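Asks: Sharing a structure with you now.
None of the figures in this text is laboratory data; all of them are computed from the coordinates on show. None of the values given here were measured: they were computed from a predicted structure. Heads up, the Cβs are rebuilt from the backbone with ideal geometry, glycines too, and the neighbour counts pull from every protein chain shown.
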Amino acid sequence: MSQGTRESTETPPEPTAWSPSSWRAYPALHQPEWPDPEKAEAARARLASLPPLVFAGEARQLRDALGEVAAGRAFVLQAGDCAESFHDFSAPLIRDKLKILLQMAAVLTYGGMLPVVKVGRIAGQFAKARTSATETVDGVELTSFRGHMVHGEAPTLEARVPDPERMLQVYHQSAATLNLLRAFTKGGFADLMQVHAWNQEFVANSPEGRRYEVIASEIERALRFMAACGIDLTSAPQLHQIDFWTSHEGLVLDHEEGLTRRDSLTGEWYDCSAHTLWIGERTRQPDGAHVEFFSGVNNPIGCKIGPDASPEDVLLLCERLNPGRIPGRLTLISRMGADRIFDLLPPLLRAVHEAGHPVAWVCDPMHANVFTTESGLKTRHLDAIMGEIEGFFAAHRQEGTWPGGVHLEFTGEDVTECLGGSEEVHEDDLNLRYMTLCDPRLNARQSLDLAFRVAELMRRYPTAR
Ligand code: PEP
Ligand code: CO
């Protein structure tokens, strides 16, 4: 696995016409070093022959929804695993993730009185960029785990050899996951009349779960009230179905290129592996392969923005990724750390605002608040996560811009990976149910707790935009 360039070029290449493979002439960081390039090319060609996972028209609908976020009229909830797993793949796991996302969205919609755009880190989130190229386990130096798209997680030299066939397994698992999500969200499971059913047993008995029951009952009463007034609720699809969108980090460009298709309606290119993709903090170089690739596909695109980003860097990314200034095309996902966000974010908000770029700003309060405990487990504290979200709202309030959403790592399971919460997880508890393949995730109760607190921030935020 190379941290360096795939095809190292001393000077940036002359700009050429964009194509799904034009990224190959640019420095591509964090790409798997497939041992057999012919096998990798065969896997990419196979992906290129398979049906797309999403339709271009859906990506355009999501772009319009995110345009509403950029304009301050909606809020994004983007959440899911740090890294999806080939092993933890079942209907109950997908259903439980959807349940907690629906609960959080209900709390945010009810509390913030705004539409919530629901995006999963799901059905494709299988590749990781890692800060350290290697890790040492029991004295053996191994390539760091890069996600199931690339290799296995077992701490052996054999398991960590990249295998391009895994890109096809990702495709099939993503297709099955997306199929079930579409069935749940369009087939009745996400019906607002089911608002009580999303409260799982181990959540329902917690303070957050009881608080959720109150809101769920109020929503139910409001629906019954409207029905009693003679409004025909059966004919309002918004009450019975939701739009749920998929996303992942567009990291392994062989995979993304393989799933890129020209839309038959518009002739434009779309990366049909997900509705929206984001560029990670480690691969957002304006003259790098990832920015080149995503500059040419027409999906809504996200880009992580970490503490090193200057206003000039951010403006360059805006120009490269959204020269047409289309609202909803570009979401900037800041991840600065609870201690630094209030200092670092305002100059970026100001520069983007003054340049007139219609950006949706989203807060990732997870990735700059990680630390390792004495026993060697990576964790985050809910207080730091909330602290970063509060700093995000405060920075936007100061600059008169819109804090458009949150980007979280969570799971529907009852894990002990992040510290804190009302039923507090302590350092000694982390080992009880620490199950993540990569970064620590909020459990269902901590996620719901967070949703209530974010709803409160939304409620207090000036809405005259
Ligand atoms: C992630 O979202 O899992 C991630 C690795 O984030 P970042 O690129 O911001 O570090
Ligand atoms: Co992560």
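Asks: Which percent, to the nearest 5, of DSSP beta bridges fully inside the chain are antiparallel?
Replies: Antiparallel bridges: around 25 percent, rounded to the nearest 5.
Asks: Let me ask something else. Suppose each label sits 7 Å from its Cα in the direction of the beta carbon; what would the N205-E38 distance come out to in nanometres?
Replies: Each label point lies 7 Å from its Cα, and together they span 6.0 nm.
Asks: Can you give me the long-range amide H partners of L419? Hydrogens built in the peptide plane at 1.01 Å from N, cutoff under 5 Å, separation of 5 or more residues or another chain.
Replies: Close amide H contacts, sequence-distant or interchain: R380, H381, L382.
Asks: Give me the percent relative contact order of the stretch 22-460, please, defined on Cα pairs under 8 angstrom at least 6 residues apart.
Replies: 22
Asks: Spin-label point model (7 Å from Cα, Cβ direction): what's the T372 to E456 distance in nm?
Replies: A separation of 3.5 nm, rounded to one decimal place.
Asks: Let me ask something else about it. Could you list which residues have their amide H under 5 Å from that of I301, counting only those 5 or more apart in sequence or on another chain, with H placed in the peptide plane?
Replies: For I301, whose amide H was placed from the backbone, the distant partners under 5 Å are L330, T331.
Asks: Kindly rank 215-228, 427-440 from highest to lowest mean number of other beta carbons found within 10 Å of each residue. Can you show the working numbers first?
Replies: On the way: 215-228: 13.6, 427-440: 15.9.
Ranking the peptides 215-228, 427-440 by packing returns 427-440, 215-228.
Asks: For the chain, build the charge dipole from Cβ charges (+1 Lys, Arg; -1 Asp, Glu) around the Cα centre, then report which of M167, F55, G139 sits farthest towards its positive end.
Replies: F55
Asks: Another one. Over 18 Å between Cα atoms, which of K99/K304; K118/K186; K99/K128; K99/K378; K97/K304; K97/K186 qualify?
Replies: On the way: K99/K304 26 Å; K118/K186 14 Å; K99/K128 25 Å; K99/K378 26 Å; K97/K304 23 Å; K97/K186 16 Å.
Over 18 Å apart, Cα to Cα: K99/K304; K99/K128; K99/K378; K97/K304.
Asks: Let me ask you something else. Stretch E218-D232 to full length: gain in nm at 0.36 nm per residue minus the Cα-Cα span?
Replies: Taking E218 through D232 to full extension adds about 3.1 nm, to one decimal.
Asks: Moving on. In what order do H30, H172 fall by count of nearby beta-carbon atoms within 10 Å, going from fewest to most?
Replies: Fewest-to-most Cβ neighbours within 10 Å comes out as H172, H30.
Asks: Determine by what factor the alpha-carbon radius of gyration of the stretch 417-465 differs from 2.2 N^0.38 Å, reporting the quotient.
Replies: Normalised Cα radius of gyration, the stretch 417-465: 1.50.
Asks: Quote to one decimal, in nm, the extra length available between A133 and D339 on full extension: 0.36 nm per residue of separation minus the C-alpha distance between them.
Replies: 71.4 nm
Asks: I would also like to ask the following. Which Cys in the chain stand alone, with every other cysteine's Cβ at 4.7 Å or more from theirs?
Replies: When partners are defined as cysteine Cβ atoms under 4.7 Å apart, the chain leaves C229, C272, C303, C318, C363, C418 without one.
Asks: In addition: With point charges of +1 on the Cβ of Lys and Arg and -1 on the Cβ of Asp and Glu, referenced to the Cα centre of the chain, which listed residue (A129, P323, T411) lies farthest in the positive direction of the dipole?
Replies: Most positive-ward Cα: P323.
Asks: How far is it, in nm, from the label point at E312 to the one at R433 when both lie 7 Å from their Cα along the line to the Cβ?
Replies: Label-label distance for E312 and R433, simple model: 5.0 nm.
Asks: Right, here's the next one. For a bin width of 10 Å, list the pair-distance distribution of the chain built from all Cα-Cα distances, rounded to whole %.
Replies: In order of increasing distance, the bins hold 4, 21, 32, 28, 13, 2, 0, 0 percent.
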